[in-house]
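The values are calculated or read from the model by the stated rules, or taken from the named source; none is laboratory data. Quick caveat, the model's predicted, so the values are computed rather than measured. Here the Cβ positions follow ideal geometry from the backbone for every residue, glycine too, while neighbour counts run over all protein chains shown.
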Amino acid sequence: MESTRIAIDYSNKEKFYKELLSEVTGVLEPEWFVNLANISALLNQHLPQINWVGFYLNHNGELLLSSFQGLPACTRIAFGKGVCGTAAATQTTQLVADVDQFPGHIVCDSASKSEIVIPMIKDGKVLGVLDIDAPVLNRFDHVDQKYLEQVVALILSKSIWPNSLI
Ligand code: SME
């Protein structure tokens, strides 16, 4: 695979995400850890106005930091705590326009102002979450949510997961 540094135009979001999904499909491998590494890099390359993107994985009932791009981050998050733990505990995407208004938000990078966290659910079990932080308020909307959920669905369906996660 040859990487490209050409930016995808974000001004037309639907078109942007269709191209992004095609790039995601192109880099996916059977090995889950390869995919988490490359997809965090791909999202960081193409999504404008973000300061952190990465995965936390469910390890013995706790979210542990996995592949990411950005500043070093909190390593362990309990289910039900912060935005990530809430997404994991409720199995629902958390779209947070202003992190300061989210009760119990966990600060990893003080630059973060808004955030989206998508749970990774396979056969009813939470494997982890995809977390993306932005240095501006109200960065993510329902179009971002719809397509980022599709990115997660692709990773979930195309990767072979270890028994320790599923
Ligand atoms: N803000 C998250 C913690 C993870 S960092 O943003 C990378 C939360 O409240 O769960």
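When L127 is tested against (1) out of contact with any Phe, Trp or Tyr (no Cβ under 9 Å at 6 or more places or on another chain); (2) away from the ligand (no atom under 16 Å from the Cβ); (3) not small (G, A, S), exactly one condition is not met: (1).
Every condition in (1) charged (D, E, K, R); (2) in contact (Cβ under 8 Å) with a residue 40 or more places away in the chain; (3) surrounded by 15 or more Cβ atoms within 10 Å (Cβ to Cβ) is met by K125 except one, and the failing one is (3). Within region 33-54, not a single residue is at pLDDT below 95 and of a type in the set (G, A, S). Strands (runs of 3 or more DSSP E) fully within region 1-111 that include at least 2 residues being under 22 Å from Q145 (Cβ atoms): 52-59, 62-70, 94-96. Examine region 143-166 for a residue that is within 12 Å of the ligand (Cβ to nearest atom), assigned to a loop (DSSP other than H, G, I, E, B), modelled with pLDDT of 95 or more and under 16 Å from the mean Cα position of the chain (by Cα), and state whether such a residue exists. For region 143-166, residues within 12 Å of the ligand (Cβ to nearest atom), assigned to a loop (DSSP other than H, G, I, E, B), modelled with pLDDT of 95 or more and under 16 Å from the mean Cα position of the chain (by Cα): absent. When D98 is tested against (1) touching a residue at least 12 places away in the same chain (Cβ under 8 Å); (2) at positive phi, just one condition goes unmet, and that condition is (2). Scanning region 94-112 for residues that are surrounded by 14 or more Cβ atoms within 10 Å (Cβ to Cβ) and more than 8 Å from the ligand (Cβ to nearest atom) yields Q94, L95, V96, A97, A111. In region 76-88, the residues that are near the ligand (Cβ under 8 Å from one of its atoms) form Cβ pairs under 7 Å with partners that are part of a helix (DSSP H, G or I), at six or more places apart or across chains, as follows: I77/C84; I77/G85.
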